[in-house]
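Each value in this text was obtained by applying a stated rule to the coordinates, not by laboratory testing. Keep in mind that this is a model prediction, so the values were computed, not measured. Heads up, the Cβs are rebuilt from the backbone with ideal geometry, glycines too, and the neighbour counts pull from every protein chain shown.
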Amino acid sequence: MNDLAYIFYSIKSRSLNSSLSVLLTSFGIVIALLISQFSNHIKNRLDSDGKGIDIVVGAKGSPLQLVLSSIYHIDIPNGNIPYKSALEISKNPLIEKAIPLALGDNWKGYRIVGTSYDYLKHFDVKIDQGRLWNDDFEMIAGADIDVKINQKISGAHGLIDGGGVHDEHSYKIVGSLKPSGSVVDRLLLTSVNSVLEIHGLEDIHHDAEHNHNHKSDKNNDEHHESYKDKKHNHKEKIKDHHEEHVDDHHQDHDDHNHSNQNEHDVNKKFKNVNSNQKNFKSSETYLNEPEITALLIKTNSPIANVNLPRSINRETNMQAANPALEITRLTSMLGFGSKTFSLLSTLLISIAILSIFSGLAGNLENRMGDLAILRAIGYTKKRIFKIIVLEGTLIISFGILLGVIMSFFAFEIFSNLITPLNVSKAKFVLNFDFYFIITVVLFSGFIASLIPAYNGSKISVANQLSQNI
């Protein structure tokens, strides 16, 4: 009988104890690897997607929710903020770059984001096919979205699939982006004005002002003229409406004069008319005021990262959140649960190691006769030592192999069930932590078998055989 055959025979003879050691090892491996894989994926995505964004300005509410919805697109925004107010903030000399975001719709679960070309520059994303948007309701798609150039799509209200579709407007896909490994891969990008118009809000000049390097002069002129025409028509409508009110009230004034009312009452009524006109104009402007969801800011200095949010939170009705601070809080909360599972994983692996040790040591007493016979037929102490060590190492190796297989399938299941992991394309990676965990567990199994192997190799052949006679 060769050494390997003897080892398998020994494991089979104590199958219950060996199976328990394998299962405990595999469960410990599963927990350890899942924690490592998910933690590394989350950390890498948080670092890459949030890189270079120092402050996020948005509506009052949860600062963490603001950061998650605006930078990572995995939460619902707190609300909208007036574009004029955001524009005033962006003029602050402490700000190097400010990128607007207008959210509110999705297509098959992929978020439609109104923004500027600076958003693409920030993530260093390049065009793969087609071109960038030049006009309203032109759109480019991230690398993970299956669409075709010139395809027309209609957005649905809300940021998750299932909302009411905006049938009155459709977007035209004019380009697709190269894979970047960032959040942009799963976004549909268009101009801010497209999102504003589809929600009945006034247009802004942001794209024309900040993206002129990406358009031809002709396209810019057309965009400006179109914008001016819209503004002119809007103002003419308000003016005509006001003139109708003024004519009506003039007629009332004449009627009242013919009715011999005094001049004081007439002037009073004219004041009321003017007040009503102002209120009408204010209401009309408010209802059509452009709003955006958030402003992504890169500052000029680390000091601005501290002082600017305080100033915005204190002096405006908006909220400024520091992504680094909020993500640190998030990871600290996740870290508590991660440490708990790590301890559980360590406990299971430790129990598995002790089980291997106790199994080998406990079974050694029953195997003394077999080992003595092996020594008698020519097996050396070194060979006996190697057999017992290999037996312990083989048991732990079975546990590791089963644990890795279970970890892979468990990772795939959780990645499909948990939305943030699914949309961020979590993948099982054979990284340093993976090999470190495997190596540590394997080494621990090897160490656990050393003492039983040493005791077995020191057996006295004469004494053992005399006891068996």
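Before moving on, here are some points about what is shown:
- If R0 is 22 Å, the Cβ-Cβ spacing of R383 and S358 corresponds to a FRET efficiency of close to 0.40.
- ³J(HN,Hα), Karplus 6.51/-1.76/1.60, whole Hz, each residue of the stretch 140-152, x for Gly, Pro: 10, 10, x, 5, 8, 9, 8, 9, 10, 4, 6, 5, 9
- Difference of contour (0.36 nm per residue) and Cα-Cα distance, I76 to K458: 130.7 nm
- Full-extension gain in nm, I418 to S180, via 0.36 nm per residue minus C-alpha separation: 83.4 nm
- Between S350 and E168, the FRET efficiency estimated from the beta carbon spacing at R0 = 56 angstrom works out to 0.30.
- Euclidean distance between Cα centres, the stretch 60-112 to the stretch 131-152, Å: 21 Å
- Nitroxide proxy distance, nm - points 7 Å out along Cα→Cβ at S62 and N150: 4.5 nm
- Dipole in debye (nearest 20) - the stretch 60-139, about Cα centre, beta carbon charges: Lys, Arg +1; Asp, Glu -1: 160 debye
- Extension gain, D3 back to E88 (0.36 nm per residue minus Cα-Cα distance, nm): 22.6 nm
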